[in-house]
Amino acid sequence: MILADQEWVVILNPFAGKKKAAKHKDQIFKLLDKFKISYKPFLTEYVGHAIELTKKLIEEGHRKFIGIGGDGTMNEIVNGFFQQTVVNPSEVVLAFIPVGNGNDWSRTVGIPHDYEEAIKTIKTGSFFLHDVGKVTYQQNGNRNVRYFANIA
């Protein structure tokens with residue numbers, strides 16, 4: 001499937017921004033519809049759920065993701081990209097609509113905090129490669145790995 005023709009997967013964290021994402025969900029989805037962005041929505045239910053969803057959706061063939069939430073949501077989606085073993089993470093695209101409290105990553109890369117403006121940046125298709133860090137650590141006697149795109 002050609003990436004340009006593939007529908008987006010939307011992973012929305014309803015708890016982001018002190019539940020602001022849940023309150024603004026319908027408004028954001030209407031804007032995606034307004035800009036004729038084809039998407040399939042998924043809502044996270046618990047910490048780590050976005051990692052699981054991302055890995056599963058990549059295994060099912062999806063390559064285009066829109067995260068809606070804050071830095072934690074973005075971090076989980078990035079971890080899903082790098083923890084899956086189906087494709088090289090450089091073959092997967094992440095766009096983001098910031099709804100969290102800090103939104104440090106979005107601010108750093110210049111994603112507007114206005115929903116409509118953020119969606120316009122998705123529509124333009126202006127993408128870039130992003131460095132990602134890797135941390136290996138011990139927890140309860142187990143070796144774990146996490147990835148980060150902003151802060152560790």
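The values are calculated or read from the model by the stated rules, or taken from the named source; none is laboratory data. Predicted model, so just to flag it, every value in this text is computed and none were measured. Neighbour counts are summed over all protein chains in view; Cβ atoms, including those assigned to glycine, are modelled from backbone coordinates with ideal geometry. These accessible areas exclude ligands, DNA and RNA; they are computed on the full protein's heavy atoms, side chains included. Shrake-Rupley method; radii C 1.70, N 1.55, O 1.52, S 1.80 Å.
Tabulated results
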read-out	value
Accessible-area value, residue 128, 1.4 Å probe, nucleic acids and ligands omitted, Å²	120
Nearest-ten-degree value, helix 71-83 long axis tilted from longest Cα axis of the chain	60
For the chain: rounded, prolate or oblate by the Cα gyration tensor [a/c cutoff 1.5]	prolate
Ranked by how many other beta carbons lie within 10 Å on average, peptides 26-32, 16-22 from highest	16-22, 26-32
Rg/Rg_ref, the range 16-58, where Rg_ref = 2.2 N^0.38 Å and atoms are Cα	1.32
Exposed GluC sites (Glu not before Pro) absent: longest stretch of the chain, with sites in DSSP loops and at most 15 other Cβ within 10 Å deemed exposed	61-152
C-alpha long axis of helix 115-124 to longest principal axis of the chain, angle in °	80
Formal net charge of residues neighbouring residue 127 (Cβ-Cβ distance under 15 Å; K, R +1; D, E -1)	+2
Relative contact order [Cα under 8 Å, 6+ residues apart], the range 18-152, whole percent	24
Summed side-chain charge close to residue 49 - residues other than residue 49 whose Cβ falls under 13 Å, Lys, Arg +1, Asp, Glu -1	-1
